[in-house]
Each structure stands twice: as structure tokens, then as C-alpha cells.
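Below is one structure, written out as C-alpha cells; comments come after it.
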Amino acid sequence: MKILHKTLLILLTLVTLNSCNKTKVSKTTEPSKKEALLFSIDNKNAGQFTISKKVPKNLENKISTEFKTRSKSEEGTTWTENYIEVSENKNELLSCFITDNDSTIVSIIIKSSKFKTANNIGVNSSITAFTEAYPEYAIWYSYVGDVFVIESKSLNIQFVLNKEDFIGNKKALNTSDLVSLKKADFKPNAKIKSINLF
């Protein structure tokens with residue numbers, strides 16, 4: 001009887017310890033509510049950064065900003081764009097393109113997989129995950145910018161696909177300014193490489 005009692009006590013202790021360990025693992029793998037808000041994406045926001053507003057000054061202490069310029073050229077026209085590069089611990093998160101006169105954000109390019117939509121889609125999400133999360137989608141190519149984009153009818157956001165994942169007919173890409181594509185035109189594991197908000 002003592003052996004049975006000791007065995008039951010040991011089993012109960014092991015089960016309890018195992019449950020505690022599982023609880024700890026799930027707590028550390030899920031982002032906190034604060035972190036989820038800092039890295040959420042919707043039609044006009046990428047965390048704390050909002051289209052038509054200025055770049056916030058009071059950022060989390062791990063997040064830094066740097067003013068930059070770049071030359072851009074499309075269809076024979078060249079111009080300079082000002083933008084704020086946003087990083088966390090020297091890892092680039094996103095770029096906020098701003099107006100010349102008052103630094104209002106006019107567009108955002110998200111480059112980090114930390115940012116997610118309400119349906120958990122972000123940079124490095126697969127085309128399959130996107131189409132499951134947003135069944136009403138469209139895929140297109142534009143030679144202006146040379147980009148492949150997938151977007152949802154429920155979001156006003158462009159999810160830019162990796163060019164190397166395109167396996168469709170390349171000659172068809174030159175038929176118009178904007179070419180509609182199908183999911184089958186891409187590798188099954190095609191990934192989102194960046195996200196554009198306007």
C-alpha cells in the first residue's frame with residue numbers, strides 16, 4: 001500500500017510540474033497585449049505610425065528613427081523622397097515616407113515580420129496563409145515599380161510578394177500597366193516580402 005501511495009504521489013507531482021512547464025511555454029511564445037498593439041497593422045496604421053499624421057516623438061526606448069533621403073525614378077522622371085527609417089535594436093522595422101514641408105506620413109513600407117494584421121498576416125507570411133485568412137483577394141503585377149501584389153477586398157493594404165516566387169508566364173506581364181494574376185502563377189510557398197500602406 002505504501003508503494004502505491006508513493007507512486008501516486010510521484011505521478012501527481014510529475015503531472016503538476018509538466019502542467020506548469022506547459023503554462024510557462026505558452027506565456028513566453030504569445031506576444032503581450034502591449035506588444036501586439038505596437039506591431040498591429042490596419043488600413044492606416046503600422047503600430048504607432050499613422051498615415052496623414054506626423055512620426056510620433058515618444059517611441060518605445062528600443063525603437064529609434066533616422067531621417068534619410070533617396071532618389072527614385074519611374075517612367076523617365078526622377079525625384080528625391082524623404083523618409084524616416086524606424087529600427088528596433090538596429091533591426092529595420094519600417095520606413096515612413098514623409099512630406100517635405102511638415103513631415104506628415106504619406107506612406108509606410110513595413111519590412112519586419114513583427115507587424116501583423118488582425119488575421120495574423122505579415123512579412124514572410126505565405127501566399128497560402130494569406131488566401132486562407134482573406135478569401136476575397138486579388139493578385140496583380142505592375143511594371144511601374146516592377147511589383148507583384150496580393151491584396152484583400154477588406155483591407156486597403158498592398159502585400160508585396162517576392163519576385164523570385166513568380167512561376168507564371170513572364171511574357172504576359174508586358175501586356176498592360178496592371179496585369180491580373182492567379183495564385184497558381186506563384187510557388188505554393190511564395191512569401192510576402194513587404195507591406196505598403198498609403
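Some observations on this one:
- Close pairs from segment 160-182: first under 12 Å from TYR143 (Cβ atoms) and aliphatic (A, V, I, L, M), partner part of a helix (DSSP H, G or I) and open to solvent by less than 20 Å² (accessible area, probe 1.4 Å), Cβ under 9 Å, at least 6 apart: VAL179/LEU173
- Filter pass, VAL160 being assigned to a strand (DSSP E or B) and either under 28 Å from GLU88 (Cα atoms) or in contact with a His (Cβ under 9 Å, 6 or more places away or on another chain) (or both): yes
- Tally of residues being surrounded by 15 or more Cβ atoms within 10 Å (Cβ to Cβ) and touching an Asp or Glu at 6+ places or on another chain (Cβ under 7 Å) across segment 155-168: 5
- Filtered residues of segment 100-116 (kept if open to solvent by 10 Å² or more (accessible area, probe 1.4 Å) and modelled with pLDDT of 95 or more): THR104, VAL106, SER107, ILE109, LYS111, SER112, SER113, LYS114, LYS116
- SER64 hydroxyl-bearing (Ser, Thr, Tyr), at pLDDT 95 or above and either part of a loop (DSSP other than H, G, I, E, B) or out of contact with any Cys (no Cβ under 9 Å at 6 or more places or on another chain) (or both): no
- Taking the criterion of being surrounded by 17 or more Cβ atoms within 10 Å (Cβ to Cβ) and more than 12 Å from ILE127 (Cβ to Cβ), the residues of segment 169-195 that qualify are LEU173, VAL179, SER194, ILE195.
- Subset of segment 116-146 [part of a strand (DSSP E or B) and within 16 Å of the chain's Cα centre (by Cα)]: LYS116, SER126
- Selection count where residues are exposed (fewer than 11 other Cβ atoms within 10 Å of the Cβ) and either within 21 Å of GLY47 (Cβ to Cβ) or in contact with a Ser or Thr (Cβ under 7 Å, 6 or more places away or on another chain) (or both), scope segment 67-84: 4
- Within segment 71-93, if we keep just the residues that are outside any strand (DSSP E or B) and under 25 Å from SER142 (Cα atoms), the residue that is nearest to the chain's Cα centre (by Cα) turns out to be GLU75.
- Of residues in segment 120-142 being polar (S, T, N, Q) and under 18 Å from ILE109 (Cβ atoms), the one surrounded by the fewest Cβ atoms within 10 Å (Cβ to Cβ): ASN124
The values are calculated or read from the model by the stated rules, or taken from the named source; none is laboratory data. Everything numeric in this text was worked out from a predicted model, so none of it was measured. No Cβ is skipped: glycine too gets one built from the backbone with ideal geometry, and neighbour counts run over all protein chains shown. Surface areas here come from the heavy atoms of the whole protein model, side chains and all, with no ligands, DNA or RNA. Shrake-Rupley method; radii C 1.70, N 1.55, O 1.52, S 1.80 Å.
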